[in-house]
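Working notes for the structure below.
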Amino acid sequence: MAAGLDLSWFQHEVGAGASAFEPSNGRKQWQFPVQNPEQYTHIRPALPAGVSRLVSADRLQLWEKLSFPAWFDNSMLNDFTLCELKGWYSHFKKIQIKVLNEHLHFGGAFAKALETARQSYFGEGAPLWRAEVAGLEALWSAFGNAQFHPDVIKTLDRLEAAYVSFLTTYPLDSDPVVPVILSGKPAIEFGFAIPLPNVRHPETGEPILYVGRFDMLAQFQAAHWVYDDKTATSLGNQFQFKWSLSPQMSGYIWAAQQYGHPVGGALVRGTGILKTEIKHQTVPTYRSARQLEMWLARTEYYIARAIEAWRANSFTPAFNESCSMYRGCQYKMLCESNGNPSALIEQYYAERNWDPMKRNQEQDDETVTVAGEFEQPM
């Protein structure tokens, strides 16, 4: 251990040159070539039935044990696969940095404006002008008085321009993409909560739920589609190729099918926010039955990994390029600290209580709600 570096809040589970043997109880015990092996010996907990050992024993043990989530969504899986420790901070410890993220704030306000306009027009039967104004009022309310760095292009002016440009390009009264009507209501903000078939909660034994929300279950060219709006800084080929194997879209399509809807693909509409212009692009993406089976296997695989990490109370930091993606991971300062990061957490982070049963909550990737106002999953 380097001099002056206090890592007492971490406990090494495995050291250099460790060897393992299997005692009679079937649990793996690690032995170390050190003078006081009792300081480092760690007996790993048994795995749940049917779950193989999926991760290396070379990981770091955390200083507190927290409850395992009852549900997972795409954001949770994405964080965990990028970095187990990021997943722990965000979805187990449930903290987020206090600094407002202009991209999330801008995207959330844009989504709220479109949702309100659609609900007003398709759900309440409002005239076109009234629905457009309702969306604009929702935009102003959602954006509020947020102030960002002068170099940031995602300002209120650009948000208003994006909203007007979107409804000019895709008018509510003539857009060929319209919401499906379910039980007399337009399927706008389609939420879901579906038990996964092969993974159980390690504390309750109940099925773990896969939850999410997409902007609309849509009808286009006599077919049903998952529909989702996205804001971006650039469109074109890069935006188009992004969705071909996107686990987020795969999960949405899979979920819609569980509710009995004959959905085979998703329509992703991108709005590009540039300094001098606003651009739009619609990307269709399809999923075969085999691709959805692969998505489900991947999803359950990473949840099983999370269960094992939780049982060991040991989540491995990535320490790779993901630490610097998108101007840096919000938890990077905690990994860079020379000791217990509790003081940093208290000063720079806020509690993030997010309930998938509630609507309109800010989330890194998506606002998740539980559907049931339309139908129950099959």
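The values are calculated or read from the model by the stated rules, or taken from the named source; none is laboratory data. Every value quoted in this text rests on a predicted model; they were computed, and no experiment measured them. Here the Cβ positions follow ideal geometry from the backbone for every residue, glycine too, while neighbour counts run over all protein chains shown.
Observations on the structure shown:
- When LYS28, LYS112 are screened for being at pLDDT 85 or above and among the basic types (Lys, Arg), only LYS112 passes.
- Yes/no for ALA232 being surrounded by fewer than 19 Cβ atoms within 10 Å (Cβ to Cβ) and either under 21 Å from the mean Cα position of the chain (by Cα) or within 24 Å of HIS103 (Cβ to Cβ) (or both): yes
- Test for TYR163: is it touching a helix residue (DSSP H, G or I) at 6+ places or on another chain (Cβ under 6 Å), surrounded by 15 or more Cβ atoms within 10 Å (Cβ to Cβ) and not β-branched (Val, Ile, Thr): yes
- First in the range 322-349 and without any contact (Cβ under 8 Å) to a residue 12 or more places away in the chain, second anywhere and among the small types (Gly, Ala, Ser) and loosely packed, with under 11 Cβ neighbours inside 10 Å, Cβ under 9 Å, 6 or more apart: LYS332/SER324; SER337/ALA343
- For the range 236-270, the set of residues classified as crowded, with 19+ Cβ neighbours inside 10 Å and aliphatic (A, V, I, L, M) consists of MET249, ILE253, ALA255, ALA256, VAL263, ALA266, LEU267, VAL268, listed by residue number.
- With respect to the stated conditions, GLY264 is outside any loop (DSSP other than H, G, I, E, B), at pLDDT below 95 and in contact with a helix residue (DSSP H, G or I) (Cβ under 8 Å, 6 or more places away or on another chain).
- Residue check for LEU82: in contact with a helix residue (DSSP H, G or I) (Cβ under 6 Å, 6 or more places away or on another chain), under 24 Å from THR231 (Cβ atoms) and in contact (Cβ under 8 Å) with a residue 12 or more places away in the chain: yes
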